[in-house]
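The values are calculated or read from the model by the stated rules, or taken from the named source; none is laboratory data. Keep in mind the model is a prediction, meaning the values are calculated, not measured. Every residue, glycine as well, gets a Cβ built from its backbone with ideal geometry; the counts of neighbours run over all protein chains shown. Surface areas here come from the heavy atoms of the whole protein model, side chains and all, with no ligands, DNA or RNA. Shrake-Rupley method; radii C 1.70, N 1.55, O 1.52, S 1.80 Å.
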Amino acid sequence: MAISPIELRHKLHSNPELAFNEYKTQNILIQSLESLGLRPIIIAKTGLILHIEKDKTKPSILYRADMDALPLVEETGCEFSSTNGNMHACGHDIHMAVMYGVIKEIVEKDIPGNYVFVFQPAEETIGGAKYVIDEMREKYKVKYATALHVTDEYKLGEFASTEGTLFACAMEITAKFKGLSAHIAQKHRGIDALKHAVEFLHEFYHSNIDTNEYGKRVLTGFGKMFAGNVRNAVADYSEVQGSIRGETLEIVLQTFEKISQNAQKYNGTIEKGSLYPPVVNNSKLVEKFRDFVSKSGLNFIDCGMKYTGEDFGFFTMKYPSLMFWAGVRTNDIQYGLHNPKFLPSDEVIPFLVDFMVKWLIELSQVSIH
């Protein structure tokens, strides 16, 4: 017997896994989909793809849900809380549960249309979308691609998106500083890599890099730092990890070059990490979505561009696409994404399942040419 989307959410939330390690997640999804009489195909190592095709003469609508979690200790105290040191603090458990619910509705109610459902690994880092698309090649004829992302910035029943760039181009960066270790009693014999990192950060925090000639179209920040091996010796190595977010790839790369030049002054180098292209919505699909939301008696919000990074940008590069925020706040408390207390209520799942089924049906009938 097939489980409900809420039951699936609880299983997934209890077993969060990091990028390209979503093996338990993958198995839970396979068992759930097989209980519906379906046979998903493994893609990009830990992902899944499912093609439901009712009419071979027509193209499909691609719908994507991300799978991976964050290395964050959960503090929600819920009965299905994670205990493995990871957490679905970005709502990917909701994304997967909703998409499973949509699939369940389509199968059980024999809803017409052709759909490609992608359970995608490694969204939070590495950029799993690129690997999925590379493996898909041209096997599926896709008309449009769509995806949602939950957030408690908006209330349940509110949907936010914008024409053009919704999410910025995002690039992970790592600043590395080399030194020479020496006992603290003879620190003059060493080269302090930690000091170099601190001096680099001091210059960074006193610069105007976020308000330079690129205006507010670029944001740069560092969120993780480590150095050395012991407390009583000069650090021979230090590392600072961060991210650059900008409206275009060109702006991100220009900012990277400027930061690289600054790091060199402190015996450091900057390395590029995962690079996510901007999520660019098709303007005509945004117009259709705005009308659909309004006709459904719900609220559409034009949120403009956000500096959030999202690898759905790889899909928007290949297909006419539409991504949007789905509000999930059901009370006055707002924690925000990537917070150890972020936990949307189960009640949002059936609501979003119903919404997405209707949106996919609408999208399959849309022509933007």
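Quick notes on this structure:
- Residue that is farthest from residue 73 (Cα to Cα), among those in the range 1-17 that are open to solvent by less than 80 Å² (accessible area, probe 1.4 Å) and not in a loop (DSSP other than H, G, I, E, B): 5
- Strands (runs of 3 or more DSSP E) lying entirely in the range 97-163 (those with 2 or more residues that are under 22 Å from residue 39 (Cα atoms) and of a type in the set (A, V, I, L, M)): 115-120, 142-155
- Where a residue in the range 184-203 is acidic (Asp, Glu) and its partner, wherever it lies, is open to solvent by less than 80 Å² (accessible area, probe 1.4 Å), with Cβ under 7 Å and at least six apart: 192/179; 192/234; 192/235; 199/266; 203/262
- Taking the range 267-351 as the region of interest, the strands (runs of 3 or more DSSP E) fully inside it that hold 3 or more residues being surrounded by fewer than 16 Cβ atoms within 10 Å (Cβ to Cβ) are 268-276.
- Residue check for residue 89: part of a helix (DSSP H, G or I) and either surrounded by fewer than 20 Cβ atoms within 10 Å (Cβ to Cβ) or in contact (Cβ under 8 Å) with a residue 60 or more places away in the chain (or both): no
- Subset of the range 54-77 that is of a type in the set (A, V, I, L, M, F, W, C) and open to solvent by less than 30 Å² (accessible area, probe 1.4 Å) - its residue that is farthest from the chain's Cα centre (by Cα): 61
- Members of the range 221-234 found to be part of a loop (DSSP other than H, G, I, E, B) and open to solvent by less than 60 Å² (accessible area, probe 1.4 Å), listed by number: 228, 234
- Selection over the range 16-31 of residues that are under 15 Å from residue 50 (Cβ atoms) and either hydrophobic (A, V, I, L, M, F, W, C) or in contact with a strand residue (DSSP E or B) (Cβ under 7 Å, 6 or more places away or on another chain) (or both) gives a count of 4.
- Answer residue from the range 235-259, given it is assigned to a strand (DSSP E or B) and surrounded by fewer than 23 Cβ atoms within 10 Å (Cβ to Cβ) and is nearest to the chain's Cα centre (by Cα) among those: 243
- Boolean, residue 83 is touching a residue at least 60 places away in the same chain (Cβ under 8 Å) and surrounded by fewer than 20 Cβ atoms within 10 Å (Cβ to Cβ): yes
- Scope the range 179-220; condition open to solvent by 20 Å² or more (accessible area, probe 1.4 Å), in contact with a helix residue (DSSP H, G or I) (Cβ under 6 Å, 6 or more places away or on another chain) and at pLDDT below 90; matching residues: 214, 217
- Assessment of the range 67-84 against the conditions (small (Gly, Ala, Ser) and on the phi > 0 side of the Ramachandran plot) yields at least one matching residue.
- Checked against (1) surrounded by 21 or more Cβ atoms within 10 Å (Cβ to Cβ); (2) in contact with a Phe, Trp or Tyr (Cβ under 6 Å, 6 or more places away or on another chain); (3) among the hydrophobic types (A, V, I, L, M, F, W, C), residue 97 meets all criteria but (2).
- The numbered conditions (1) over 26 Å from the mean Cα position of the chain (by Cα); (2) over 30 Å from residue 303 (Cβ atoms) are all true for residue 225 except (1).
- Residue in the range 114-129 that is modelled with pLDDT of 95 or more, open to solvent by less than 10 Å² (accessible area, probe 1.4 Å) and acidic (Asp, Glu) present: yes
- Every condition in (1) open to solvent by 60 Å² or more (accessible area, probe 1.4 Å); (2) part of a helix (DSSP H, G or I); (3) of a type in the set (D, E, K, R) is met by residue 362 except one, and the failing one is (1).
- Subset of the range 163-178 [more than 14 Å from residue 310 (Cα to Cα) and surrounded by 21 or more Cβ atoms within 10 Å (Cβ to Cβ)]: 173, 175, 177
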